[in-house]
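Taking it in order: structure first as structure tokens, then the write-up.
The values are calculated or read from the model by the stated rules, or taken from the named source; none is laboratory data. It should be emphasised that the depicted structure is a prediction, and the values quoted were computed from it without experimental measurement. For neighbour counting, all protein chains shown are included, and Cβ atoms are generated from backbone atoms with ideal geometry for every residue, glycine included. Only protein heavy atoms, including side chains, enter the accessible area calculation; ligands, DNA and RNA are left aside. Shrake-Rupley method; radii C 1.70, N 1.55, O 1.52, S 1.80 Å.
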Amino acid sequence: MELEAAIRTRRSEHRLIEPAPSDEEFVDLLGWAATAPDHGHLRPWRWILVRGDSRTALGESFASGATDAETVRREMRKPLRAPLLATLVFVPRRNHRVPDWEQLAASSAMVNSLMLLLHDRGFGSIWRTGSPVDSAETRTLLSLAPHEGLMGWLYIGSPDPTRRSVLRSPVPVSHRVSRFTPPACPGQPGPLWPSGHQRVSDTL
């Protein structure tokens, strides 16, 4: 699949079924996803793969803070929505010349590349977060260190073949892009854009 085609056709898949990639296939795809931009090549992250009955234990940790029976049932079912839950743990290098925000950006770039690679291989995925990322019970279950952050879960499997795909259109973004030229009169900003900036959409 060509890159542009992958970007055009990838969707967040809400219903995922077997098969999911094996551990070996996940590691293989991750090796390529890890080539995403990463200042300092720090790889400030690690993954925990949750499958099978282990998803039940994860669901119990999701439900640990619930106060009513219906919420408990709903939270416990969440990890069962996909055959593989890839848990992303942020492991920042503290006191490094590369700031935490840039390490987080590198982790996000890696995830985006991984989702495209999974799509290219025929798998589906969806990124999920929610209150469990801050759950002490979930952090304890997954043995996270105090300095590590739980970023969320990449639910992975095969797309439901009965799903109806909806064509996607590109997002209109020209109004969010400006072209800079040095201002003739410094300190005289325009009403919408800083001095020296012209919206690209005005010239299209």
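Whether any residue in the stretch 30-51 is assigned to a helix (DSSP H, G or I), open to solvent by less than 50 Å² (accessible area, probe 1.4 Å), in contact (Cβ under 8 Å) with a residue 12 or more places away in the chain and among the charged types (D, E, K, R) is what I want to check. Within the stretch 30-51, not a single residue is assigned to a helix (DSSP H, G or I), open to solvent by less than 50 Å² (accessible area, probe 1.4 Å), in contact (Cβ under 8 Å) with a residue 12 or more places away in the chain and among the charged types (D, E, K, R).
Residues in the stretch 149-177 that are touching a Leu at 6+ places or on another chain (Cβ under 9 Å) and either surrounded by fewer than 17 Cβ atoms within 10 Å (Cβ to Cβ) or under 21 Å from Pro92 (Cα atoms) (or both): Gly149, Leu150, Met151, Gly152, Trp153, Leu154, Asp160, Ser174. Close contacts from the stretch 101-116, counting a first residue that is more than 16 Å from Val91 (Cβ to Cβ) and a second that is modelled with pLDDT under 95 and open to solvent by 10 Å² or more (accessible area, probe 1.4 Å), with Cβ to Cβ under 8 Å and a gap of 6+ residues or different chains, come to Met115/Arg10; Leu116/Leu3; Leu116/Ile7; Leu116/Arg10. Residues of the stretch 9-18 being surrounded by fewer than 13 Cβ atoms within 10 Å (Cβ to Cβ) and over 20 Å from Met151 (Cβ atoms), which ones? Hit for the stretch 9-18 is Glu18, nothing else. No other residue among Ala66, Ala82, Ala6, Ala57 is among the small types (Gly, Ala, Ser), at pLDDT below 95 and within 27 Å of Ala136 (Cα to Cα) apart from Ala66. Can you tell me which residue within the stretch 127-148, out of those that are part of a helix (DSSP H, G or I) and of a type in the set (S, T, N, Q), is least open to solvent (accessible area, probe 1.4 Å)? Out of the qualifying residues, it is Thr138.
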